[in-house]
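The values are calculated or read from the model by the stated rules, or taken from the named source; none is laboratory data. It should be emphasised that the depicted structure is a prediction, and the values quoted were computed from it without experimental measurement. Methodologically, a virtual Cβ is constructed for each residue, glycine included, from the backbone with ideal geometry; neighbour enumeration extends over all protein chains shown. Accessible surface areas use protein heavy atoms only, side chains included; no ligands, DNA or RNA. Shrake-Rupley method; radii C 1.70, N 1.55, O 1.52, S 1.80 Å.
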Amino acid sequence: MNVLLDNLALFREGFIGTVSLTLVSGLLAMVLGVLIAGCRVSPVPPLRIFGTAWVTLLRNTPLTLLFLVAFFVVPKILFPGIDSFVLGVLACGFYTSAFICEAVRSGFNTVPMGQAEAARSIGMTFMQSMRIVVLPQATRSVIPPLSSIFIALTKNTAIAGAFSNVELFNVSKTLSNDGYDIAVIFVWVTLAYLVITFTISGLFRLLERRMEVAR
């Protein structure tokens, strides 16, 4: 308990850092994931090729390697002096977007093709049929896998702690270097992660129940 009480401000900063990384990179991943999923089912061949390449490349690249590229290549080539938090968000967001894309695409496949064809037959464009007809129905089947993806994202943000981001893993490393018992540190850090992941799980369960009522 002394470890927590003596370093409460540091633990709070690390907790907020992990939550911030999860929220911002999750939002980025959701936007990119839905857009790339649209590319994957697009009638335009170049968009399908781009979507497939995006998913194949990011899903088969280790997240640590993406962090190395984000922190040691991007600042030198594209954006010198960019903030480490932004780089962490980009690495986590891009990586997670590939998994969200596949979850959303699988949701698209649960909607009967005839509904999309009917939407096109009454003059809707591809984007209109996706936004008005397909996406609302696909959302119900996408919620459960998205919960698992966001929980995995929360744990993946720990890698950002090794790249100058203040989050829970970074806090554990700092306290360990200060001489505190590593086992006790990990207990408190684990409890903090459980609070975040249980909250995410609960929110998605609530959302799933709301969508079931709407059905």
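Given the options 115, 128, name the one that is closer than 18 Å to residue 34 by Cα and at pLDDT below 80.
128
Could you go through the range 115-138 and let me know if any residue there is within 13 Å of the chain's Cα centre (by Cα) and either crowded, with 17+ Cβ neighbours inside 10 Å or outside any helix (DSSP H, G or I) (or both).
No, there is no match, as no residue in the range 115-138 is within 13 Å of the chain's Cα centre (by Cα) and either crowded, with 17+ Cβ neighbours inside 10 Å or outside any helix (DSSP H, G or I) (or both).
Considering only the range 73-82, I want to know if a residue exists there that is of a type outside the set (Lys, Arg), open to solvent by 70 Å² or more (accessible area, probe 1.4 Å) and in contact (Cβ under 8 Å) with a residue 12 or more places away in the chain.
No, the range 73-82 contains no residue that is of a type outside the set (Lys, Arg), open to solvent by 70 Å² or more (accessible area, probe 1.4 Å) and in contact (Cβ under 8 Å) with a residue 12 or more places away in the chain.
I'd like the residue in the range 151-177 that is open to solvent by 70 Å² or more (accessible area, probe 1.4 Å) and more than 17 Å from the chain's Cα centre (by Cα) and, out of all such residues, is farthest from residue 22 (Cα to Cα).
In this case the residue turns out to be 177.
So for the range 25-32 (the condition being assigned to a loop (DSSP other than H, G, I, E, B) and under 27 Å from residue 200 (Cα atoms)), does at least one residue qualify?
Checking the range 25-32: not a single residue is assigned to a loop (DSSP other than H, G, I, E, B) and under 27 Å from residue 200 (Cα atoms).
Quick one: in the range 196-206, which of the residues that are aliphatic (A, V, I, L, M) and open to solvent by 80 Å² or more (accessible area, probe 1.4 Å) is farthest from the chain's Cα centre (by Cα)?
That would be 206.
As an exercise: evaluate residue 106 against (1) among the small types (Gly, Ala, Ser); (2) buried (at least 17 other Cβ atoms within 10 Å of the Cβ); (3) within 30 Å of residue 199 (Cβ to Cβ) and give the number of the one condition it does not meet.
(2)
Suppose we filter the range 33-61 for residues that are open to solvent by less than 80 Å² (accessible area, probe 1.4 Å) and either not aliphatic (A, V, I, L, M) or not in a helix (DSSP H, G or I) (or both); how many remain?
Going through the range 33-61 one residue at a time, the tally reaches 14.
In the range 170-203, how many are of a type in the set (Phe, Trp, Tyr), in contact (Cβ under 8 Å) with a residue 24 or more places away in the chain and outside any loop (DSSP other than H, G, I, E, B)?
Number satisfying all stated conditions: 2.
Mind listing whichever residues of the range 178-187 are open to solvent by less than 60 Å² (accessible area, probe 1.4 Å) and touching a helix residue (DSSP H, G or I) at 6+ places or on another chain (Cβ under 8 Å)?
Result: 184, 185.
Please go through the range 10-32 and give me each residue that is among the hydrophobic types (A, V, I, L, M, F, W, C) and open to solvent by less than 20 Å² (accessible area, probe 1.4 Å), ordered by number.
Matches in the range 10-32: 11, 21, 29.
List the pairs whose first member sits in the range 139-164 and is over 14 Å from residue 106 (Cα atoms), whose second member is open to solvent by 40 Å² or more (accessible area, probe 1.4 Å) and polar (S, T, N, Q), and whose Cβ atoms are under 8 Å apart, counting only residues at least 6 apart or on separate chains?
159/64
Please work out which one of (1) under 28 Å from residue 129 (Cα atoms); (2) small (Gly, Ala, Ser); (3) under 19 Å from the mean Cα position of the chain (by Cα) is the condition residue 42 fails and give its number.
(3)
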